[in-house]
Each structure stands twice: as C-alpha cells, then as structure tokens.
Amino acid sequence: MAEADLHLLQVSDMHLQASPESLLHGVNVEQRFLQVLEKIRHEQADLLLLTGDLSHHAPEAYSRLSEYLEQLPFPSIWIPGNHDLSGEMYRFAGCGYGQKMVDKGRWRLLMLDSTADPDGHGGGALSEPELEFLRTELEMTDKDQHVLIVLHHHPVSVNSVWQDRIMLANAPQFWSVVERYPQVKGVVFGHVHQAWQMQRGQVSLFSVPATARQFKVGTVESERESDPRLDRPAYARYCLSSSGQIEQSLIRVSP
C-alpha cells in the first residue's frame with residue numbers, strides 16, 4: 001500500500017493582545033484570527049503549525065489561544081516569534097508548545113526557535129544549541145526520509161530593505177548545515193506577513209501572510225498592504241507527498 005501524503009496547515013503572526021477587544025494599529029487582530037480559525041476547523045489536516053508571533057507581548061493571550069485550539073479536530077504545534085514570551089509559552093507545552101520533532105510517514109518535521117540574540121528591532125537567530133539540534137537530527141535522519149524545517153524568521157532575502165534587516169541573523173550558518181543534507185526538502189517560515197514561494201537549490205521555501213495586518217512587498221520602510229484583497233487574514237495548506245514534493249495552497253479569508 002502506498003504511503004499517505006501528509007497534510008499540514010500554517011497560521012502565523014496573529015499578534016494577539018491582552019484583551020480580545022484590544023486593537024493593534026487600529027485592527028482587531030483577535031477577530032481576524034477567529035475568522036481564520038472558523039475556516040480551518042473544517043479542514044482535513046494532520047497538523048496545524050503556528051509559526052510565531054502568536055501574542056504581541058501579552059501573556060494573557062496564550063490561555064485564550066489554547067482554548068481556541070482545543071476545539072480543532074487535529075493537533076497543533078507552536079513555535080515562538082520575536083514578539084512572543086517564551087517563558088509564558090512553556091506553560092502550554094501540553095497544547096503544542098515545545099515539540100521539536102514529528103515523524104509521520106516518510107516525513108520528519110523539525111521545529112526551530114529563531115528568537116535568540118534579539119536585536120530589539122525584530123531580528124533573531126538560532127542559538128548554538130539550536131544549530132546543534134538541527135545538525136544532530138539531520139545526521140540521524142534516514143536517507144529515504146524527507147525533512148521540513150519550520151521556524152519564524154526568514155532565512156533568505158525577501159527583497160524588502162527593512163524586513164531583510166530583521167531576517168535570520170545567522171542564515172549563513174543555518175544554510176551551511178542544511179546544504180549538507182539532501183533529505184531537507186522544504187523550509188516554512190512566518191515573520192514577513194506576506195506570501196512567498198521560493199527555491200534555494202534543492203530546498204523549497206514557503207511563507208504565509210499573517211492573520212494580523214499585512215505588509216507591502218519590496219519596500220524600504222514598513223508599509224501596510226493597501227490592496228484590500230491582499231490585506232485579508234490568511235492561512236496555508238500544505239500537501240507533503242511521500243515522494244518528497246511539497247505543494248502549498250494559500251487561502252485568504254473574506255471579511
């Protein structure tokens with residue numbers, strides 16, 4: 001019998017506030033997230049990835065988030081972003097935070113914390129223990145397995161001056177590890193509040209727009225997306241085939 005494909009969902013950059021009524025830059029980010037959640041609860045998925053900036057420095061948000069996710073028919077995995085409070089997230093390890101590896105079928109998922117060495121502006125890096133975890137797990141991965149790496153900060157340029165200043169600070173070290181292992185088929189990230197599909201050698205890279213507000217592509221300074229269609233909250237579906245192919249479908253949620 002052929003091995004089944006792995007079906008994932010990605011939600012990112014919710015920036016939930018202390019109160020669900022609070023606004024961020026004039027936007028009710030909780031309402032936007034709940035619009036997305038209502039859509040994804042009807043998805044047929046194996047796993048939901050939440051790729052950072054789940055909260056905007058608000059410890060109260062994680063309790064509400066865990067309650068929302070308990071209503072879904074599939075499990076979730078959380079990783080932190082630069083606006084998250086890792087100490088608070090540890091309280092929710094049973095709800096999906098802190099899980100570093102998933103093996104399912106032919107696929108191995110590796111979840112990385114890219115929030116080391118914060119620069120105060122949104123940038124982050126992989127700590128040496130995190131890079132060592134990546135090296136060790138890839139070394140232990142069977143030659144016929146496929147690997148998807150999940151992190152918050154983008155490890156490649158997105159051709160936006162201000163965003164590339166706050167990308168993964170030690171991206172060269174990251175790639176020096178990844179490029180040694182042909183099992184790595186994809187990298188999924190958040191942080192940029194934009195949709196990207198890129199290729200770097202053998203590796204496909206994907207991001208998803210935020211459920212909070214979106215940013216314009218290719219700008220010198222931060223600019224909110226002015227196209228109403230592109231500013232909608234969004235999530236992504238991924239189909240990971242047993243042959244190692246990755247397909248992404250983007251879903252923008254209407255108001």
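The values are calculated or read from the model by the stated rules, or taken from the named source; none is laboratory data. Here the structure is a predicted model, which is why all the values come from computation and not from measurement. We place every Cβ from the backbone using ideal geometry, glycine too, and count neighbours over all the protein chains shown.
Could you tell me whether any residue of region 45-55 is surrounded by fewer than 17 Cβ atoms within 10 Å (Cβ to Cβ) and outside any helix (DSSP H, G or I)? Among the residues of region 45-55, not one is surrounded by fewer than 17 Cβ atoms within 10 Å (Cβ to Cβ) and outside any helix (DSSP H, G or I), which makes the answer no. Within region 8-36, the residues that satisfy the criterion of being more than 15 Å from H191 (Cα to Cα), outside any helix (DSSP H, G or I) and touching a residue at least 40 places away in the same chain (Cβ under 8 Å) are L8, L9, Q17, A18, S19, P20, L24, H25, V27.
Of all residues in region 100-122, those that are over 22 Å from N82 (Cβ atoms) have Cβ atoms under 6 Å from Cβ atoms of residues that are of a type in the set (V, I, T), 6 or more apart or on another chain, in R108/T141; R108/V147. For L9, state whether it is buried (at least 22 other Cβ atoms within 10 Å of the Cβ) and either at pLDDT 95 or above or among the polar types (S, T, N, Q) (or both). Yes; evaluated as a whole, the condition is true for this residue.
Where strands (runs of 3 or more DSSP E) sit wholly within region 179-255, none has at least 2 residues that are surrounded by fewer than 22 Cβ atoms within 10 Å (Cβ to Cβ) and among the small types (G, A, S).
Scanning region 92-121 for residues that are over 15 Å from the mean Cα position of the chain (by Cα) and either part of a loop (DSSP other than H, G, I, E, B) or more than 28 Å from F74 (Cα to Cα) (or both) yields G105, R106, A116, D117, P118, D119, G120, H121.
How about region 25-42: which of its residues are surrounded by 12 or more Cβ atoms within 10 Å (Cβ to Cβ), within 16 Å of H57 (Cα to Cα) and more than 20 Å from the chain's Cα centre (by Cα)? Selection gives N28 alone. Restricting attention to region 211-239 and to residues that are polar (S, T, N, Q) and within 21 Å of H56 (Cα to Cα), the residue that is farthest from the chain's Cα centre (by Cα) turns out to be S222. Here K143 fulfils each of the conditions (1) outside any loop (DSSP other than H, G, I, E, B); (2) more than 20 Å from D53 (Cα to Cα) apart from (1).
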